[in-house]
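*Asks:* This is the structure I want to talk about, given as C-alpha cells.
The values are calculated or read from the model by the stated rules, or taken from the named source; none is laboratory data. All values reported here derive from a predicted model rather than from experimental measurement. All Cβ positions, even for glycine, are placed from backbone atoms using ideal geometry, and neighbour counts span all protein chains on display. To get the accessible areas, we keep the full protein, side chains included, count just its heavy atoms, and leave off ligands, DNA and RNA. Shrake-Rupley method; radii C 1.70, N 1.55, O 1.52, S 1.80 Å.
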Amino acid sequence: MTLRRDLLSYLSHEPRSVSRLARELRLPRAEVEDALRHMTRSARAAGHRIVVVPARCRSCGFTFGEDKLSKPGRCPQCRESRIFEPQVGIERAN
Ligand SMILES: [Zn+2]
C-alpha cells in the first residue's frame, strides 16, 4: 500500500518511466510494473488523470499504445529493439 502511495506522489510531481521508478525506489522492475498497474486503476477511480507518453521506436518513430506502461521489447514495424520507454504521470484531481 505504501508503495502505491509513493508512486502516486512521485508521478504527480513529474512523469517517469518504469526503469527510473525502479532505480529511485530500489525495486525490481516487475514489482514496480505490478504496483503501477494497480495504482493507476485506483487513481483513475479516485478521479485523477493518468497521463501516458507512449513508448516510441528510436529508429522509425513508430508509437506504441498508451495502455502499455512498460518498455516493449521490439518495434512491430521495423523490428528494432531500441525503444524510448513510456513515461507515466498523474494529474491529481484535487
Ligand atoms: Zn521501428
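*Asks:* Residues being more than 9 Å from the ligand (Cβ to nearest atom), assigned to a loop (DSSP other than H, G, I, E, B), among the hydrophobic types (A, V, I, L, M, F, W, C) and surrounded by 15 or more Cβ atoms within 10 Å (Cβ to Cβ): count how many of those fall in the stretch 36-94.
*Replies:* Qualifying residue count for the region: 3.
*Asks:* Which of the residues belonging to the stretch 54-83 are under 14 Å from Arg16 (Cβ atoms) and modelled with pLDDT of 95 or more?
*Replies:* Initially, the stretch 54-83 is screened for residues under 14 Å from Arg16 (Cβ atoms), giving 55, 69-71.
The one that is under 14 Å from Arg16 (Cβ atoms) and modelled with pLDDT of 95 or more: Ala55.
*Asks:* Testing Glu91 on (1) under 18 Å from Glu14 (Cβ atoms); (2) among the acidic types (Asp, Glu); (3) without any contact (Cβ under 8 Å) to a residue 24 or more places away in the chain, one condition comes back false. Which one is that?
*Replies:* Failing condition for Glu91: (3).
*Asks:* With the condition kept exactly as written, say whether any residue in the stretch 10-28 is basic (Lys, Arg) and open to solvent by less than 80 Å² (accessible area, probe 1.4 Å).
*Replies:* yes
*Asks:* What pairs come up if the first residue lies in the stretch 16-30 and is aliphatic (A, V, I, L, M), the second is assigned to a loop (DSSP other than H, G, I, E, B) and surrounded by 15 or more Cβ atoms within 10 Å (Cβ to Cβ), and their beta carbons are under 6 Å apart, counting only those six or more places apart or on different chains?
*Replies:* Correct list of pairs: Val18/Ser70.
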